[in-house]
Amino acid sequence: MADAADIQRELEDEHERRLKRFRILVCIDGSEESYRGLDYAARMGGADDCDIILLYVRTIDQGLHSGGMQVRVARENMLSWGLELPGIRYLRKGLDLLIENAELEEQWSSTVTHTDVEGDPLGDNKVEYRNTTGKSIVLKLKTAHDPASGILDQYELGPYNLIILGADRKRGLFSRQIAQRVARHAPCSVLAARELVPGRGHLVCTDGSDMALDAVRRDALMAQRFQAPMVSLISIARDDGDLQAAEDAVARAKDAVSDIGLEVLNTYARIGDPVDEIIEAGKEYSLIVMSDTSKSSIKRMLVGSVSSKVLAKAHNSVLIIR
């Protein structure tokens, strides 16, 4: 039987393994947008160095009525999918979108893990599928008081490079308010998916700051994970006097993307309100990409940056780079 020191070493080794990989947390709620987000993750995460974690957050005791389900049965169900527990149907659909059954049986091994949660008979459960290349797909059924708290708590078990969640409340748990809360507090990049259609490229915003330029580089590296990466750049001037600075910002960002080995599709330097101009230009793209303007989640909450306003108002998907 492993002692505490052995368990700690295993945890440290696993953490080090994760740090070397590109890990995407996809929040599934049964909505069309959450599966569009998963499709985007699959396109981005096709390489062997990428792990995809599917997360369904259920509220404490959701549908179980305090003791109506034995933990043993729940554990077995996470692997066999024989019963209809809250969220499992959605996770199973996500798995089917990623791996065909024949491939799953032949090439992927599975491990089931259970963690008790006080006040809930099901607790947290996950199944990790890992193939011979070391690539992992994880299904996580997590218990929390609310979806945003569950997603942010899951990050602490990560880490993750990117969190993807649907941001419309047509048929799922996630709303724009939840997406904004996650984007405000998550330490990693967050993609709020709305009408997410792959293949239209990224519109990356820059204001000429070092932080924005770093976001341009990081998005370009992320875009390289697609077979046909397309990156466009935009900078907004408040008035005619700032137009030259906006043009310089775009030129500097274009050089940074070119240095990484990507071609810039389009560049824009416009005059007007940054939020309105970015939202209008971004309609033609898969993603509007923005840098986080503050490292402090408290400052993001109080100040209300351009990125947070675009995330709240945009008609299509928004990626906040952090």
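The values are calculated or read from the model by the stated rules, or taken from the named source; none is laboratory data. All of these numbers come straight from a predicted model, not from anything done at the bench. Note: ideal-geometry Cβ built from the backbone for every residue, glycine included; neighbour counts use all protein chains shown.
Please pick out the residue among ASP96, ASP116, ASP120 that is farther than 24 Å from ARG322 by Cα and surrounded by 17 or more Cβ atoms within 10 Å (Cβ to Cβ).
Criteria check complete, one pass: ASP120.
Filter the range 143-157 down to residues that are touching a Cys at 6+ places or on another chain (Cβ under 8 Å) and closer than 19 Å to ARG23 by Cα and give me whichever is surrounded by the fewest Cβ atoms within 10 Å (Cβ to Cβ).
First pass over the range 143-157, keeping only residues touching a Cys at 6+ places or on another chain (Cβ under 8 Å): 147, 151, 155.
With the extra rule that they be closer than 19 Å to ARG23 by Cα, the set shrinks to 151, 155.
Values: ILE151: 25, TYR155: 17.
Among them, the one singled out is TYR155.
State whether the residues of the range 189-202 include one that is among the hydroxyl-bearing types (Ser, Thr, Tyr), under 29 Å from VAL257 (Cα atoms) and touching a residue at least 12 places away in the same chain (Cβ under 8 Å).
Yes, the range 189-202 contains at least one residue that is among the hydroxyl-bearing types (Ser, Thr, Tyr), under 29 Å from VAL257 (Cα atoms) and touching a residue at least 12 places away in the same chain (Cβ under 8 Å).
Any chance you could count how many residues in the range 1-51 are over 17 Å from ARG218 (Cα atoms), at pLDDT below 85 and of a type in the set (A, V, I, L, M)?
Summing the residues that are over 17 Å from ARG218 (Cα atoms), at pLDDT below 85 and of a type in the set (A, V, I, L, M) in the range 1-51 gives 7.
Kindly provide the set of residues from the range 131-149 that are farther than 19 Å from SER175 by Cβ and assigned to a strand (DSSP E or B), ordered by number.
So in the range 131-149, the residues farther than 19 Å from SER175 by Cβ come out as 131-141, 143.
Listed by number, the residues that qualify are ASN131, SER136, ILE137, VAL138, LEU139, LYS140, LEU141, THR143.
Which of the residues spanning the range 187-245 are under 16 Å from ASP39 (Cα atoms) and of a type in the set (Gly, Ala, Ser)?
Of everything in the range 187-245, those that are under 16 Å from ASP39 (Cα atoms) and of a type in the set (Gly, Ala, Ser) turn out to be ALA192, ALA193, GLY199, GLY201, ALA223, ALA228.
Look through LYS140, LYS126 and report the one residue that is among the basic types (Lys, Arg), within 22 Å of LEU19 (Cα to Cα) and touching a Phe, Trp or Tyr at 6+ places or on another chain (Cβ under 8 Å).
Within the list LYS140, LYS126, the selection yields LYS140.
Do we have any residue at all in the range 240-248 that's part of a helix (DSSP H, G or I), under 26 Å from the mean Cα position of the chain (by Cα), in contact (Cβ under 8 Å) with a residue 12 or more places away in the chain and crowded, with 21+ Cβ neighbours inside 10 Å?
The answer is no; no qualifying residue exists.
Within the range 258-310, track down each residue that is at pLDDT below 90 and either in the same structural domain as VAL182 (by TED's automatic domain parsing) or part of a helix (DSSP H, G or I) (or both).
SER297, ILE298, LYS299, ARG300, MET301, LEU302, VAL303, VAL306, SER307, SER308, LYS309
Only one of LEU157, LEU221, LEU213 is more than 21 Å from ALA281 (Cβ to Cβ) and modelled with pLDDT of 90 or more. Can you tell me which?
Within the list LEU157, LEU221, LEU213, the selection yields LEU221.
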